[in-house]
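Okay, structure first, notes after.
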Amino acid sequence: MIRIILFLLLIALAAAGAAWMADQPGDLVLNWGGLRLTSKQPMYLLGLVVVVAMVAGVILRGLWKIPGHIRRGRRERRHARGRHAITQGLLAIGHGDSAGARAHAEVARRHAANDPLALLLHAQSAQLDGDRDGAQRAFRAMAERADTRLLGLRGLFIEAQRADDPVAAVMIAEEALKMSPSSSWASHAVLGFCCAKGDWAGALSIIDNNQSAGLIDKATYRRQRGVLLTARALEFETVDRDLSRSSAMEAVKLAPTLIPAAVLAAKFESEAHQVRRAMRIVETAWLAQPHPDLADAYSHVRLGDSARQRLVRVETLAAKTPGHIEGALAIARAAIDAAEFAKARAALEPFIAAPTQRVALLMAEIERTEHGDSGRARAWTLRAVRALHDPVWTADGYVSDRWRPVSPVTGRLDAFQWQTPVAALPSDKGHAIEPSPFEEAMLAPRRVEPPKELASEPADAKPAEPVEVKQVEAKPVEVKPSEPAAPTAQDNAPLPAAIEAEPAPAPAEPTASEPAPPPAAESAPPAPAPLFRSRTDLPKAAPAPIPAVIPIIRAPDDPGVDEDGPVDEFAEQIGPPKAQVGGWRGFLSRLGS
């Protein structure tokens, strides 16, 4: 609107000036060489002069700006070539063409040397080729510029990590964090370094900065702060009890389901005789994730309780998550400590078909403690070798025997989870260790034998009828021995299929003239059991008969050995000289020779 008003004002002024000049009297004469112009109206002549002057000015101005236009066009063409080379080079890096990326990087350096993307293309092409020195030079050049400083520091940080130089990497990350507090990668690196060296105060300050910068939400902030406070409480548990207690209680408030925080807080509350509060802390974490440490803390929440009292308390906790294996394992552990082996077996019964390692080891302990059965205990121990793995603390494929606040692989905070490791998940392949016959025999159900009194009673209790006896010649009678009772199963007994039955002697045919033998129970009282008994389950092998003459066996086509073989003069043994015969016989023998 203002421009329109100013334009109208200028037009009005120009019209007023033209009207004023037209009202002035006189003639306007223009002499230029042989040209003479005379006008009674000077206004027209003045307008012509102004138009000519303007055209001349435009022409002179155009001629003056021609070199600048030429330089600008050349610069724009070079910049366009550089941009095209940068675009094609980044695309080549994207699909892994290192030679193409290097060629485009050289073109971009010639035509757009000051472009930040040209430096980035050169650094990434050097990384793709494996030229770490070239990549570091490019990133240093980027770090010296104000517009690409943060990007250059990120590249130098990555190269320091590849060179396994944690000190340089942390220094670069700290410098980047000072320059830009909202840099997530720098914050993550410095946080992991603080946790690694135990600087929990510095780690907590970084978490606060992340929350104020908007990098993490409130729920994540509470969880991560609870993890850091738990780590500090565990470290100072034996050094500064007050700091450890305050950190643990604050961690439980921020993250009630964090298992290490709940266990440590329950321990402190138990020591302060706050039993109900400690039980509530453990129950809250147990409902979120059952864990053996929680069950142990719950059973010892009241100091000085007996084993049976701890068993009752563990049963109460396990009832809150029915059917969970951790509850069954906790009951079995407490029942073994209380010598309640029946309860321990009943708790583990649903998981015996496909046991985990802890289930198998508990069953071995039950067999060893209750019955002293070392064979079945050893069989359960062997079964635990190939049993399913139990959940453990894992983070990024790393298995740890305890909880840690940061993953040692990636430095990620709150990375450890209570779960089954990836290597222990079921697969299509069979077991590497097949079940042994010893294990199958040991884990077979025990055989219940009838009492000896019932086994010794005769099958038929009717009285024997009198038999008429004839006077016949007496013959020796062979009495059929009674079959021995089945032996009791032993720890080292072989498989039933491998035992051969001992052949029993053939009984003699009974005759009518032979009287029936009286019952053994009525003839003599039962004899006491001998101290040493022969093993009936291991029969004695009959000795093999030794032939009187060992025959010489030859093949049908074997002619045998020629007894009168060829005489070999070299094979004759040269013995000592024979002694000369004395007397007239020796004289005659010497005389004849």
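Points worth noting:
- Cα-based convex hull volume of the stretch 275-352 per residue, rounded to whole Å³: 73 Å³
- Solvent exposure, largest accessible area first (probe 1.4 Å, DNA, RNA and ligands not counted), of Trp393, Trp286: Trp393, Trp286
- Counting only protein heavy atoms and using a 1.4 Å probe, the accessible area of Ile70 comes to about 90 Å².
- What you get for the stretch 307-379, charging only the Cβ of Lys and Arg (+1) and of Asp and Glu (-1), is a dipole of about 140 debye around the Cα centre.
- Ranking by accessible area, most exposed first, for His95, His122 with a 1.4 Å probe: His95, His122
- Considering the stretch 162-280, its Cα convex hull presents a mean projected area of 8.3 nm².
- Rounded if a/c under 1.5, otherwise prolate or oblate - the stretch 307-434, Cα gyration tensor axes: oblate
- Prolate/oblate/rounded label for the stretch 90-164 (Cα gyration tensor, a/c 1.5): oblate
- The alpha carbons of the stretch 136-216 give a radius of gyration and a Dmax of 12.8, 36 Å, in that order.
- Its Cα gyration tensor gives the stretch 313-378 an equivalent ellipsoid; the semi-axes, largest first and in whole Å, are 20, 13, 8.
The values are calculated or read from the model by the stated rules, or taken from the named source; none is laboratory data. Here the structure is a predicted model, which is why all the values come from computation and not from measurement. Counting neighbours? That spans all protein chains shown, and the Cβs are built from the backbone with ideal geometry, glycine included. Note: accessible area is taken over every heavy atom of the protein model, side chains too, but ligands, DNA and RNA are not part of it. Shrake-Rupley method; radii C 1.70, N 1.55, O 1.52, S 1.80 Å.
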